[in-house]
Amino acid sequence: MQLPILSLLIFFPVLGIALLIFLPRKNHRLLKLTTLGIALVEFGLSLPLWFRFDSTTAAMQFMERYDWLPQYGISYILGLDGFSLLLVLLTTFLTPLCVLATWEDIQTRVKEFMICILALMSGMIGVFLALDLFLFYVFWEVMLIPMYLLIGVWGNPARRVYAAIKFFLYTMFGSLLMLVAILVLYFYHGKVTGVYTFDLLKLYGLNIPFNMQFWMFLAFGLAFAIKVPMFPFHTWLPDAHTEAPTVGSVILAAVLLKMGTYGFLRFNMPLFPEAAYYFVPLFSVLAVIGIVYGALVCIVQKDLKRLIAFSSVSHLGFVMLGLFTFNVQGIQGGVIQMINHGLSTGALFFIVGMIYERRHTRMIADFGGLSTPMPIYATIFMIVTLSSIGLPGLNGFVGEFLILLGTFKENKILATIAASGVIFAAVYMLWMFQRVMFGEVTNPKNKNLPDLSGREIFIFAPLLLFIVWIGVYPSTFLNKIEATTTNFVAKMEQAKATKVTLSQVFKGEAR
Amino acid sequence: MIQYVWLIPVFPLMGFLINGLYGKRLPKNLVGTIGAGVIGLSFALTVAIFLEFLKLPAASRPVEIVVYNWIAAGKFSVPIGFLVDPLSLIMLLVVSGVSFLIHIYSVGYMHDDPGFPRFFTYLNLFVFFMLILVGANNFLMMFVGWEGVGLCSYLLIGYWYEKQSASDAGKKAFVVNRIGDFGFLLGMFLLFWTFGTLNFREVFALAGRYPVGSGIITAATLLLFVGATGKSAQIPLYTWLPDAMEGPTPVSALIHAATMVTAGVYMVARCSALYALAPFSLTVVATIGALTAIFAATMGMAQFDIKRVLAYSTVSQLGYMFLACGVGAFVAGIFHLMTHAFFKALLFLGAGSVSHAVSGELDMRRMGGLKDHIPITYRTFLIATLAIAGIFPFAGFFSKDEILFHALVDGNYFYWGIGTVAAFITAFYMFRAVYMVFFGESRVDPHVAHHVHESPPLMTVPLMILAFLSIVGGFVGFPIIEGGHKFKEFLSPSITPVGHGGHPPVSLEIGLMAFSMAVAAIGIYTAYKLYMLRPDLPGWLAEKFRVPYDLIYNKYYVDQIYDTIVVEPIKSGSTLLWTQVDDKVVDGAVNGSASTVAWLSAHLRRLETGFLQNYALAIVLGVTLVVGYLLG
């Protein structure tokens, strides 16, 4: 029998939690080392996915299927395609780095913190692998709790409770509508075929009338749009990011936001393709507003974390714009941009976290001239900044270029407005960089700041490796998603072709 | 050899990596040797490839070398690939050759700077991107170089990052360039979705099927030209270049005079096949070029910072090159690009050598009489000045004359007239600089005056080589003599000419040359009169013509205007978006609904029994109702 590698990935961190429970709470070093070990093993476990992944097919791979509650049509189905492959690997790749980043940052309730991290890891991987709607929903909700705790318990004391509750309620609100939609889908499938099931691949086969697709798309879409976050559902993000501890911000930006975009790809679009086409104008416009609005608001931010949070709104706008092109370039770009954003923005939050550990402030005005005491930090910060503003040769460019290329095919005006976001990105990032890093050291507290330690450099090394790799040789990654994308686009094309007849059906029903 | 063309940019990349990672631990001499040596290797390889290319039969030219497939998605596929043709070879030779000389000079010039390894790291990276830009066989890879050189320009302008003005200037350069790049990007999208490829030769071949004046090609060429106005500092995006003088002088020589800023001209010439199909775009190119040429020249008249004089002169000369392209004389544009690279690099390096002699001073009002103290610098600077003023037989004479000649014989009297006036102004302000710096009474600070010294050989030898090139560089394009125009013959396979009928009489050509010389001579004499014979006159004139003088002196207030109509509105608009829209409207709605709920729940709290079953029941009921409604 083949090793159930996907289940292993989901449950190994749970085993790790069980182990942590028995470790002495006082021994921080042991707790952190153990978690690091677990995260590294988990990363090792995920590597076979990469090497054994068949990039010629769009079919789900490494599938696992067990009945769970057969009387309700609930099963435990896991599978992986090109889209989820990259996201799962991003998760397992970043978690060990996050653990490393807690070394000096987290000194209170270390045990609980590590448990939260592992629970989060398990939940996130589950979300990306679940192919049963019920199972998916379970993971989706499970993962909320550790994140809520990360912000609420280890966050910045002043406003952490506000931020945590805002995060929780916002997401919960979206999720509830999604739950309703999932149930509707479940009953509809039962009504039409006589089989009650949450099996996503079976639900894909449904021909749902347009009026129903319309509402279902909105219900799912709201949950995911909040998660992305799309304008105007983004206001939870700056608060959550600002108040969360460094690692919380990293995971939030790098992985959690991707659940929203992934949700569109995995659920919204293939389940409700006609509605998806119908909503292209709305979502594309919202995405472009997000790009420009996020970038403009970034320019005037005074708090580093808030600035990066708003830049996420802008970057995720690019991703959404790409996904809603429904052409190969846009979607390839969108997916690769999810990974890029994970790497660059993740790295940016690490960067801010490290300076916060040294100075206990995130306000841009408190810095200036840091290049002189911290040259290594300056170099890394610069490279990540350039990656974030999409300099060719680094990862960000590949994603943005493909997205804009794909968008330009569908809508020249939107592509032009979106491309202006590239200019604003240079404005806000370079201005921020200048104010923090350049000039003379004016604040005596910054005079003797220690440069990065070996551990800190070690956190960045792998991130920089992939930032350059994706920039110089993106084929490694684009090839893995090519088949999935092509298949996805072909399916959507089909829906586009049949859209007319279906809407006629809908009209007939309406009469 | 040709198949190793990809090594040309790889050498500087290696220099970048070595000096970037280990530069701080290596001895200074080694850092300098590596930094300059890798460029020497690139230059040597370029020469070898050039010689081999000359031997190739016409049928096997040009050569395309594909290294690997870079970005592919669906039917979009773009390689990292090189196009070896006459145009790219000329550019590779100029870029690697001039860079090599400037690197050697920099070893001397930057010797006492604590950031020595960092300087060479950036400079090598710049050459890498520049070689990528000119070697690329497709638009996207050219764009990589295009943005890459912009990055290095940013890093090097802000090299002395502790200085606020330097880091401001760097940021300004990057952002303004990005505005141009935005146009380039859209131009590429349009080309790709029109032709299905971004490969130069494929695009140009397919474009041949479109009629002259086709809307799509006009749009694409205009968008690409937006990119060129950014990179090559043309109206309206030229404002970053004068500020870029904050960078070390070798940087100004290499990036902001000889190579990077000419990228726009190279791009337009490279796309001559497209521009030839878009007469409207050509008119735009020529007009912008002509206006920039004269506009920048006037600003050059009233500057006192020697590097700023040269900066405006660069903007103006770039305008000439675009003027050439715009009237269809792409070859003349590239010819001027080459000679300009020699004499303008020389002028900047000379200015560097001057400021080296007077302890970093750049203000010409505190120079004067330096001729005998720094003779090599003086002589080479004078040669370059004669070249830029367009005096026979210096290099600039031939290239500038060819541009004006083309404008005239094509009946573009307007462009010819502007070009001629700009030539007059150029001769004037350049000799104004020469007189202010090298002649007359010394106005040097007395503390500095006693140790004015000539620069070391590491700096003067590059000056002399460039001076040599500024003298002979023009002979490859000798008009009149049959077969004298080797440059044009060599370059013509890469260029799609925009036809003008018949060959004009030799007498016209000679007459025009004499006329240009006379114009330049008058310009020089005017400078002589004002700055040697009657040094009191400039001040008097400035008083007399207060308003126009202030206008020029303050650079027509363009920076202030941009600040008022673009920068400030964006800043205040963004603040408004953040504090009003985001905090009050969007988040206000969210928190508003939250407080509504809170108010409601305060009243509905009696329903809160605390029993989980009751809640569960309520949820099940609610969900069932909704589901039932939707399915019913």
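Report the relative contact order of chain A, percent, no decimals, based on alpha-carbon pairs under 8 angstrom and at least 6 residues apart.
After rounding, I find 15 percent.
Over 21 Å, how big is the tail of the calculated P(r) for the stretch B:274-419, in percent of all Cα pairs?
Here the tail beyond 21 Å accounts for 46 percent of pairs.
Using a simple spin-label model with points 7 Å from Cα along the Cα→Cβ vector, what separation in nm is obtained for B:Phe545 and B:Asp363?
2.4
Compute the signed sum of charges (Lys and Arg +1, Asp and Glu -1) over the other residues within less than 15 Å, Cβ to Cβ, of B:Ala407.
-3
Over the stretch B:248-349, what portion of Cα pair distances is larger than 20 Å, expressed as a whole percent?
36
Check each of the trypsin sites (Lys or Arg not before Pro) in the stretch B:197-290 and keep only those in coil by DSSP with at most 16 other C-beta atoms within 10 angstrom; list them in order.
Answer in residue order: B:Arg209.
If I take every Cα pair under 8 Å that is 6 or more residues apart in chain B, average their sequence separation and divide by the length, what percent do I get for the relative contact order? Each step should come with its number before you reach the end.
Working: 1006 pairs, mean separation 71.8, N = 632.
Computed over chain B, the figure is 11 percent.
Gap in Å between the Cα centre of the stretch A:1-45 and the Cα centre of the stretch B:101-157?
Centre-to-centre (Cα) distance: 47 Å.
Can you compute the radius of gyration and Dmax for the stretch A:448-497, using only the Cα atoms, both in Å?
19.5, 65
Below 8 Å, C-alpha to C-alpha, sequence gap of six or more: please give me the relative contact order for the stretch A:281-495 in percent.
It comes to 28 percent, rounded to a whole number.
Relative to 2.2 N^0.38 Å, what does the C-alpha radius of gyration of the stretch A:2-107 come to as a ratio? Two decimals please.
Expressed relative to 2.2 N^0.38 Å, the Cα Rg reads 1.28.
Can you give the angle from 0 to 90° between the axis of helix B:587-604 and the longest principal axis of chain B, with both taken from C-alpha atoms, to the nearest 10?
Taking the Cα atoms of chain B, the angle to B:587-604 is about 10 degrees.
Starting from the 7 Å offset along Cα-to-Cβ, what nm value, one decimal, do you get for the label separation of A:Val280 and B:Phe468?
6.3
To the nearest 500 deg cm²/dmol, what mean residue ellipticity at 222 nm is calculated for the protein assembly as shown from DSSP H runs of n ≥ 4 alone, each contributing -39,500 (n - 2.57), summed and divided by the residues?
Taking each H run of at least 4 residues, the total per residue is -23500 deg cm²/dmol.
Restricting things to alpha carbons, find the Rg to Rh ratio for chain A using the Kirkwood radius for Rh.
0.96
Based only on Cα atoms, what Rg/Rh ratio does the stretch A:124-221 have, Rh being taken as Kirkwood's radius?
The Rg/Rh ratio comes out at 1.10.
Considering only the other residues whose Cβ falls under 12 Å of the Cβ of A:Phe264, what net charge follows from Lys and Arg at +1 and Asp and Glu at -1?
Taking every Cβ under 12 Å from that of A:Phe264, the sum is +3.
First obtain the Kirkwood hydrodynamic radius of the stretch B:202-304 from its Cα pairs, then insert it into the Stokes-Einstein equation at 37 °C and 0.692 mPa s, and state the resulting D in µm² per second as a whole number.
Details: Rh = 14.8 Å.
Translational diffusion coefficient: 221 µm²/s.
With each label point set 7 Å from Cα along the Cα-Cβ vector, what nm distance links A:Thr476 and B:Ile570?
3.5
Average the reciprocal distances over every distinct pair of alpha-carbons in the stretch A:281-495, invert the result, and give the Kirkwood radius in Å.
Radius from the Kirkwood sum: 17.8 Å.
To check my understanding: the extent here is largest minus smallest coordinate of the Cα atoms along each principal axis. What are those three numbers for the stretch B:1-152, in Å, largest first?
Result for the stretch B:1-152: principal-axis Cα extents of 51, 39, 20 Å.
Using Cα atoms only, what is the angle between the long axis of helix A:133-142 and the major principal axis of chain A, expressed in degrees (0 to 90) to the nearest 10?
That helix lies at roughly 20 degrees to the long axis.
For the stretch B:170-240, what is the convex hull volume of its Cα atoms per residue in Å³? Don't jump to the answer; show the numbers that get you there.
Numbers: hull volume 6.1 nm³, N = 71.
Per-residue hull volume (Cα only) is 85 Å³.
Return the long-range amide H neighbours of B:Val66 (sequence gap of 5 or more, or a different chain), with a cut-off of under 5 Å between placed amide H atoms.
Here B:Phe82 satisfy the definition.
Does anyone have the angle between helix B:395-409 and the longest principal axis of chain B? Alpha-carbon axes, 0 to 90°, nearest 10?
Value to nearest ten degrees: 70.
Be a star and scan the stretch B:102-119 for residues whose amide nitrogen sits under 14 Å from the point 7 Å along the Cα-to-Cβ vector of A:Met382.
Only B:115-119 fall inside the zone, counting backbone N under 14 Å.
Suppose we look only past 55 Å in the calculated P(r) of the protein assembly as shown. What percent of the Cα-Cα pairs does that tail hold?
24
Bin by bin, in steps of 20 Å, what percent of the Cα pairs in chain B do you find, going until the bin that has the longest distance?
18, 49, 21, 8, 4, 0
So how far, in whole Å, is the C-alpha centre of the stretch A:122-161 from the one of the stretch B:503-552?
Cα centroid to Cα centroid, the span is 75 Å.
Using alpha carbons only, how many angstrom separate the centre of the stretch B:282-312 from the centre of the stretch A:378-401?
34
Within the stretch A:453-497, list the residues whose amide N lies under 18 Å from a label point set 7 Å along Cα→Cβ of A:Thr57.
Residues passing the 18 Å test: A:480-488.
Of all chymotrypsin sites (Phe, Trp or Tyr not before Pro) in the stretch B:230-306, which ones are in loop regions per DSSP and have a Cβ with at most 16 other Cβ atoms within 10 Å? Walk me through the intermediate numbers first.
Details: sites: B:Tyr238, B:Trp240, B:Tyr266, B:Tyr275, B:Phe280, B:Phe295, B:Phe304; in loops: B:Tyr238, B:Phe304.
When the chymotrypsin sites (Phe, Trp or Tyr not before Pro) of the stretch B:230-306 are filtered for loop state and at most 16 Cβ neighbours within 10 Å, B:Phe304 remain.
Only the coordinates and a few stated rules stand behind these numbers; no lab work does. Computed from a predicted model, the values in this text were never measured in an experiment. Positions of Cβ are backbone-derived with ideal geometry, glycine not excepted, and every protein chain shown enters the neighbour counts.
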